[in-house]
Amino acid sequence: MARIDLDLAHAYKAKPQSEEDYALLPLKLSFEDGGAYALLGPSGCGKTTMLNIISGLLTPSQGAVFFDGVDKTAATPQERNIAQVFQFPVIYDTMTVGENLAFPLRNRKVPPARIKERVGQIAEMLEMSHQLDQRAAGLSADAKQKISLGRGLVRDDVSAVLFDEPLTVIDPHLKWQLRRKLKQIHHELKLTLIYVTHDQVEALTFAERILVMSRGRVVQEGTPEELFERPAHTFVGHFIGSPGMNLLPLSASGGRVVLGEQEVQAPPGLRIPEGELTLGIRPEYTHVADPGQPGVVLARVEKVQDIGTGQLLTARVGPHAVRARVGLEQALPAAGGAVGLALLGRHSCLYKNEELIA
Amino acid sequence: MQLRLESIGKKVGSEDWLYDMSLSPQPGAVTVLLGATRAGKTSLMRIMAGLDAPSTGKVLVDGLDVTGQSVRRRDVAMVYQQFINYPSLTVAQNIASPMKLRGEKNIDQRVRALADKLHIGMFLDRLPAELSGGQQQRVALARALAKNASLMLLDEPLVNLDYKLREELREELAQVFSTSDATVVYATTEPGEALLLGGYTAVLDRGELLQYGPTAQVFQQPRSLRVARAFSDPPMNFFQAFRVLGGVQLPRSALLPLALPDAASGSAENVTVGLRASALRLREREGDLSLHGKVLLAEISGSDTFVHLSSDIGDLVAQVPGVHHFTLGAAQTLYFAPSAAFVFDAAGDLLLAPAGARSS
């Protein structure tokens, strides 16, 4: 296990000129020993580039990679002692489940007794103990991916285990199980885990710390709670949460606050800096309230969806769409009707030039 | 357009892929085919499209038997998981291709309108390879819409897209479907997607059609334990229980005072209680029952915390709104209203579902 530090940038092009030429803009990052991290972002954000630089599949065009303070920029994946799990199962069909799990250990000449012990342990955690003698060939895609995960986790002497969207091929129900397993394994083995995904639920549920990436930049690093409650950047507000944060223009001057095109009274105790800002409020914190109350605007109902565990309200404040997650018991006007929505309050975030300022 | 499948079966080799399925998707509406991989969604769609013939049964379109008739002679458009476009044609030419084939007029204008609707109006002169995955799938969707077919089939069209893009495109699709007269069939593995699309849902599991009806109704009144399991995410929590005088008894735990319908011919007293993860809460309300256990794991999804509990009566998952911190291994009590419980009989058929919070 190792602490990993990055101080680098990467461009696939020679002689990068502008920011767009970089897959990863200059950055400095640390992954603590034994931590569970997720790199989260849309395709093209640079998360896979970063993973490949950590694993040694890719050499950064500038800067260096350190493992426990030692420069490993030129080292191969083998020399870095990294285990990897990919999107699709990478296993040997002709071997049994047990042989597949033992393979990374045999390769490293681990004593047979120790191999047996570790394979048994991992198989039990993954609930595959009864399948150890079964051939991998006949198994379902799910089971094969479980073996891949097991192979990634079987060695306890690795610097880190890297996961590249490992649950893509897994059905929703099994994802719940596997995520639980991964968390338990992390809890027991304290390996350094780095997990790449575009799926915010996977990232937030898996990791202790999440690095949200956009266009070659880490826009925020934080715990799931921090990313949800106080997104540092409007991109994070939009990207985390389903649906994402409501964002609408707010202008404040001389004590007057205009939200969308409506003047609203600021709730007492809420500090609103002067200027042209963007208000961010999560649909979970957007409540139906009496128009005229502080922080409440009048919106027009566009649609109401029954999402099983609640209702998803889509409304418009002027031209701006606002969503609210409300309880099933809340009575809502039909489409076209007017509704008061509390947008300014203790859960509201204010952004200037996309950065959180209050 | 009225599509009717009558006792469709599909065998591949000696393996049954679809068992005796009868389904008439609501004309002019969206029908979601919901099920895990290998539930039979794609096999069924291919038969609907005419890409495959069923081994048994009939396919009827507006009362006419079209079983075995090739896809070329059917009025159907299909969108796949993979982004399929003509690589050497521009976006505009791709979208125009079905219209040209039919020798239509005003093609340019209609291509432009469709492209604008799907937010690819600025890419009309590009080749598909010059677009992102999400944009490529938009082109495929626009081309399918350009066909103006009376039956539109979409086989997990968003599965290869980023999470956020899925959200956006799903919303746009729902909008497009609501303004079209086509009968739409949409396959997905995700319960949440079915709920957001609304319309009607057919739940499939291992080649069987388990239930078909308005989406909200299937969600609120799953006919069986299998439907309830398939149509829940996180999975519904199930507990073995007994039917007793005055309700349902959870072993070593509470009595749920529920009025069950009369037992059929004094049959087995064993029942299964189902509780949705969202029915469990941390704070007690009046009339609540409690479950005690140890925290196995707590996952924070942002808006919710998923608490995995090893309880007296089995492992369970609770979805509680907001961010909460738990110590792994610590004792924890969860509460639920007995009226939130589903009850299934020994055969797995629904005996009782919670009365909806609203009458919908």
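Of the strands (runs of 3 or more DSSP E) lying entirely inside segment B:1-77, those containing at least 1 residues that are under 22 Å from the mean Cα position of the chain (by Cα) are B:3-12, B:15-23, B:30-34. Selection over segment B:194-219 of residues that are touching a residue at least 60 places away in the same chain (Cβ under 8 Å) and among the aromatic types (Phe, Trp, Tyr) gives a count of 2. Exactly one residue out of A:Gly222, A:Gly255, A:Gly237, A:Gly216 is modelled with pLDDT under 90 and more than 25 Å from B:Thr189 (Cβ to Cβ), and it is A:Gly255.
Based on what the data block shows, is B:Lys41 basic (Lys, Arg) and either exposed (fewer than 15 other Cβ atoms within 10 Å of the Cβ) or outside the structural domain of B:Arg143 (by TED's automatic domain parsing) (or both)? Spelling it out, it is not the case that B:Lys41 is basic (Lys, Arg) and either exposed (fewer than 15 other Cβ atoms within 10 Å of the Cβ) or outside the structural domain of B:Arg143 (by TED's automatic domain parsing) (or both).
Got a number for residues in segment B:289-304 being away from chain A (no Cβ under 11 Å) and either buried (at least 18 other Cβ atoms within 10 Å of the Cβ) or under 24 Å from the mean Cα position of the chain (by Cα) (or both)? Number satisfying all stated conditions: 3. Looking at the structure I just gave you, is B:Asp262 acidic (Asp, Glu), over 14 Å from B:Ala340 (Cα atoms), out of contact with any Lys or Arg (no Cβ under 6 Å at 6 or more places or on another chain) and away from every other protein chain (no Cβ under 12 Å)? Spelling it out, B:Asp262 is indeed acidic (Asp, Glu), over 14 Å from B:Ala340 (Cα atoms), out of contact with any Lys or Arg (no Cβ under 6 Å at 6 or more places or on another chain) and away from every other protein chain (no Cβ under 12 Å).
Among helices (runs of 4 or more DSSP H) entirely within segment A:90-163, having at least 3 residues that are within 17 Å of A:Leu178 (Cα to Cα) and among the aliphatic types (A, V, I, L, M) singles out A:112-125, A:141-153.
Residue-wise test of (1) hydrophobic (A, V, I, L, M, F, W, C); (2) modelled with pLDDT of 90 or more; (3) over 23 Å from B:Thr183 (Cα atoms); (4) in a loop (DSSP other than H, G, I, E, B).
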| site | (1), (2), (3), (4) |
| --- | --- |
| B:Ala92 | yes, yes, yes, no |
| B:Ser97 | no, yes, no, no |
| B:Glu104 | no, no, no, yes |
| B:Asp108 | no, yes, yes, no |
| B:Arg112 | no, yes, yes, no |
| B:Gly134 | no, no, yes, no |
| B:Leu141 | yes, yes, no, no |
| B:Ala144 | yes, yes, no, no |
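Inspect segment A:66-75 for any residue being polar (S, T, N, Q) and farther than 24 Å from A:Ile210 by Cβ and give the result as yes or no. Yes, that holds for at least one residue. Yes or no: segment B:237-252 includes at least one residue that is within 14 Å of B:Ala346 (Cβ to Cβ), away from chain A (no Cβ under 14 Å) and free of Cβ contacts under 8 Å to residues at least 24 places away in the same chain. No; the residues of segment B:237-252 include none that is within 14 Å of B:Ala346 (Cβ to Cβ), away from chain A (no Cβ under 14 Å) and free of Cβ contacts under 8 Å to residues at least 24 places away in the same chain. Looking at the structure I just gave you, is A:Arg316 over 27 Å from the mean Cα position of the chain (by Cα) and among the charged types (D, E, K, R)? For A:Arg316, the condition - over 27 Å from the mean Cα position of the chain (by Cα) and among the charged types (D, E, K, R) - is met. Of the strands (runs of 3 or more DSSP E) lying entirely inside segment B:155-244, those carrying at least 3 residues that are under 26 Å from A:Asp199 (Cβ atoms) are B:183-188, B:200-205. Counting the residues of segment B:305-325 that are without any contact (Cβ under 8 Å) to a residue 40 or more places away in the chain, of a type in the set (Val, Ile, Thr) and more than 11 Å from chain A (Cβ to nearest Cβ) gives 1.
For A:Leu313, the stated conditions do not hold, so it cannot be described as of a type outside the set (Val, Ile, Thr), within 14 Å of chain B (Cβ to nearest Cβ), more than 26 Å from A:Asn353 (Cβ to Cβ) and surrounded by fewer than 18 Cβ atoms within 10 Å (Cβ to Cβ). Of the helices (runs of 4 or more DSSP H) lying entirely inside segment A:177-284, those containing at least 1 residues that are within 14 Å of another protein chain (Cβ to nearest Cβ) and without any contact (Cβ under 8 Å) to a residue 12 or more places away in the chain span A:224-229, A:234-239. With respect to (1) within 14 Å of chain B (Cβ to nearest Cβ); (2) in a strand (DSSP E or B), the lone exception for A:Ala335 is condition (2).
Conditions (1) within 12 Å of chain A (Cβ to nearest Cβ); (2) surrounded by fewer than 17 Cβ atoms within 10 Å (Cβ to Cβ); (3) under 13 Å from B:Asn94 (Cα atoms); (4) not acidic (Asp, Glu), marked per residue:
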| site | (1), (2), (3), (4) |
| --- | --- |
| B:Leu118 | no, no, no, yes |
| B:Pro128 | no, no, yes, yes |
| B:Gly134 | yes, no, no, yes |
| B:Arg143 | no, no, yes, yes |
| B:Lys147 | no, no, yes, yes |
| B:Met152 | no, no, no, yes |
| B:Leu165 | yes, no, no, yes |
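Within the option set A:Ala75, A:Ala83, being out of contact with any Asp or Glu (no Cβ under 6 Å at 6 or more places or on another chain), part of a loop (DSSP other than H, G, I, E, B) and in contact (Cβ under 8 Å) with a residue 12 or more places away in the chain holds for one residue only, A:Ala75. If you filter segment A:180-209 down to residues that are touching a strand residue (DSSP E or B) at 6+ places or on another chain (Cβ under 7 Å) and charged (D, E, K, R), you find that the one that is farthest from A:Glu226 (Cα to Cα) is A:Arg180. Contact map, segment B:1-30: first residue within 13 Å of B:Pro54 (Cα to Cα), second residue of a type in the set (D, E, K, R) and part of a strand (DSSP E or B), Cβ cut-off under 6 Å, separation 6 or more or different chains; pairs are B:Glu6/B:Lys58; B:Ser7/B:Asp20; B:Gly9/B:Asp20; B:Trp17/B:Lys10; B:Leu18/B:Lys10; B:Tyr19/B:Glu208; B:Ser22/B:Glu6. In this structure, does B:Ala216 turn out to be within 11 Å of chain A (Cβ to nearest Cβ) and more than 30 Å from B:Asp116 (Cα to Cα)? Here the answer is yes, as B:Ala216 does meet what is asked. Taking segment B:206-252 as the range and being of a type in the set (Asp, Glu) and at pLDDT below 95 as the test, only B:Asp233 passes. Please work out if A:Ser30 is without any contact (Cβ under 8 Å) to a residue 60 or more places away in the chain, surrounded by fewer than 16 Cβ atoms within 10 Å (Cβ to Cβ) and under 18 Å from the mean Cα position of the chain (by Cα). Answer is yes for this residue.
Within segment B:190-213, which residues are within 11 Å of chain A (Cβ to nearest Cβ) and touching a Ser or Thr at 6+ places or on another chain (Cβ under 7 Å)? Result: B:Pro191, B:Ala194, B:Leu195, B:Gly198. Restricting segment A:290-310 to residues that are farther than 28 Å from B:Ala355 by Cβ and assigned to a loop (DSSP other than H, G, I, E, B), the residue that is farthest from the other protein chains (Cβ to nearest Cβ) is A:Gly292.
The values are calculated or read from the model by the stated rules, or taken from the named source; none is laboratory data. Worth saying up front: this structure is predicted, and the values here are computed from it rather than measured. Virtual Cβ from ideal backbone geometry, glycine too; neighbours counted across all protein chains shown.
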